[in-house]
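Read through the structure below, which is laid out as structure tokens, and then see the notes.
The values are calculated or read from the model by the stated rules, or taken from the named source; none is laboratory data. Because the structure is a prediction, the values reported are computed rather than measured. Cβ sites come from the backbone with ideal geometry, for glycine too, and all protein chains shown count toward neighbours.
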Amino acid sequence: MVARTFTVAFEGVEARTVEVQCAVANGLPAFSIVGLADKAVSEARDRVRSALSALSIALPSKRITVNLSPADLPKEGSHFDLPIALALLAAIDIIPREDAETTVSLGELSLDGRLVAVAGALPAAMAAAEEERQLLCPRACGPEAAWVGATPVFAAASLAEVLRHFTGQAPIAPATPGEVRASAGTRDLRDVKGQERAKRALEIAAAGRHHLLMVGTPGSGKSMLAARIPGILPPLSPVEALETSMIHSLAGLLDEGGISRARPFREPHHTASMAAIVGGGRGAKPGEVSLAHNGVLFLDELPEFPRPVLETLRQPIESGEVVVARANAHVRYPCRFLMVAAANPCRCGYLSDPARACAKSPGCGEDYLGRLSGPLMDRIDLRVEVPPVAFADLDLPATGESSATVASRVAAAREVQTLRFRDQPGVRVNAEAEGALLEEIAAPDTEGRDLLLKVAERFGLSARGYHRVLRVARTVADLDGSARVRKPHVAEAVSYRLTLAKTL
Ligand SMILES: Nc1ncnc2c1ncn2[C@@H]1O[C@H](COP(=O)(O)OP(=O)(O)OP(=O)(O)O)[C@@H](O)[C@H]1O
Ligand SMILES: [Mg+2]
């Protein structure tokens, strides 16, 4: 008779249920795994055999067949060890079959029977809860999986513990959710002296999720400003925290199961590979763009990124989703991030500093920033110059606004947007409003419209540029507490788009 249990296969952030069947039949002794398994899954055979023998359980001298169903779904990774062992233990009547049938499990076995942590326990627990089954996972994954709450999660340190649990000798207590990690928001905006325009742009970017580029000489405070954005963003909502944690779980980045309410801040180096940034590689793992989902993707020294990487970013920036190719399928990961980029104005870095500009200027700047293609720049709504701060100003005590003050205005603007978009699935902030919806919410008054038309004609704004100005103007009006988009709001929005227009 066939014994059954369940596990999952990952397709992007989705965990698809996989039935693990095990049949033990008379015939020449053999142990085979079928059902589109990759190499790591096939190796499960040796790990399971060894882990069982560590428990003094010998495999019967029969023909053992394990089938992973549905057979057309690719199975990757080492987390199939535990469900295969469970199916086998049920098939040879060491654990009750009913228990195996009501369990979704995942975990890698070491040769001595210990359970090794695997990525993806959180999405697996979601899948288990949906089908009303319990989840069994390695001890280290328990706190993360227990966040789902809707289903019992049992976390075991070894196969021996699993065995004692199912045979009733020593039941395992259900796992409890990991600690919510406190946000590490110790960096305050007040530390940055001057740079009022850049700070204002930061506030607008955070309020409406508009992408931002800061251009300035070395040491003018660009990296410092960017690092302070998480501190002015509101904490993740419970839905957002779960979305972001699912991706971090798949990447194996949720240490000790702690789910964080702080917005992610990812800063990939410009030498990072394409797979590291957009996702892919072995196991089609999520990349930095997806790890930054609902948070900030900071691209420091933007022109230094290889061109193919920058061009690849265009599509995810627009759609909020990235498609990662793998051997026989495509997987999708969400990636709605706030892109914040920094650049020097030219290779030598001092183009805009009259005292130090190099002999090649102005050609130096065109060469350098010219590497950023038009279509990419078109997606960046807020562009600011960050001039060097005078030494005299650096000496003065910090008098600017604190992050908390700015954060409260951002939170208020976000609340207005949550209310505005409550009937619009998939739209949370102004930057995501499109078409008719955008025209309805951001229609400027007559004076504002006149100004916008003039600017569009004079500077040849693209259709996308025109709509993007409207979105920013809507956010500026929200920060101003204005129900209507008026001329000053349009003027401010336009000013950020036209900054650096000559060099870019
Ligand atoms: N406006 C400022 N207020 C206070 N300190 C500043 C300011 N600007 C720069 N600094 C000081 O200079 C250091 C360097 O700043 P930061 O790394 O942000 O410069 P950057 O613009 O990113 O330079 P680069 O182009 O070389 O990356 C900061 O750590 C800080 O000590
Ligand atoms: Mg820097």
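Things worth noting here:
- Subset of region 280-305 that is over 12 Å from the mean Cα position of the chain (by Cα), closer than 17 Å to V340 by Cα and not in a helix (DSSP H, G or I) - its residue that is farthest from ligand 2 (Cβ to nearest atom): F305
- Checking every residue in region 267-279 against the condition of being part of a strand (DSSP E or B), away from ligand 2 (no atom under 16 Å from the Cβ), closer than 25 Å to P123 by Cβ and more than 15 Å from the chain's Cα centre (by Cα) gives zero matches.
- Cβ-Cβ under 6 Å pairs, at least 6 apart or on other chains, region 24-50 side closer than 26 Å to S158 by Cβ, far side part of a helix (DSSP H, G or I) and at pLDDT below 90: I33/S42
- The lone criterion from (1) touching a residue at least 40 places away in the same chain (Cβ under 8 Å); (2) away from ligand 2 (no atom under 16 Å from the Cβ) left unmet by A173 is number (1).
- Yes/no for V104 being among the β-branched types (V, I, T), within 18 Å of Q21 (Cα to Cα) and crowded, with 18+ Cβ neighbours inside 10 Å: yes
- Just one of the listed residues (S237, S260, S220) is within 30 Å of A117 (Cα to Cα) and touching a residue at least 60 places away in the same chain (Cβ under 8 Å), namely S260.
- Qualifying residue in region 249-257 (condition: under 28 Å from A413 (Cα atoms) and of a type outside the set (S, T, N, Q)): no
- In region 30-49, the residues that are in contact with a strand residue (DSSP E or B) (Cβ under 7 Å, 6 or more places away or on another chain) and either of a type in the set (A, V, I, L, M, F, W, C) or surrounded by fewer than 14 Cβ atoms within 10 Å (Cβ to Cβ) (or both): A30, F31, S32, I33, V34, L36, A37, V41, A44, V48
- On inspection, R261 fails the criterion of being out of contact with any Lys or Arg (no Cβ under 6 Å at 6 or more places or on another chain), modelled with pLDDT under 90, farther than 17 Å from E144 by Cβ and away from ligand 2 (no atom under 16 Å from the Cβ).
- Taking the criterion of being charged (D, E, K, R), more than 14 Å from ligand 2 (Cβ to nearest atom) and surrounded by 17 or more Cβ atoms within 10 Å (Cβ to Cβ), the residues of region 194-242 that qualify are K199, R200, E203, R209, E240.
- Output for region 375-402, where each listed residue is within 28 Å of the chain's Cα centre (by Cα) and either within 16 Å of ligand 2 (Cβ to nearest atom) or assigned to a strand (DSSP E or B) (or both): L382, R383, V384
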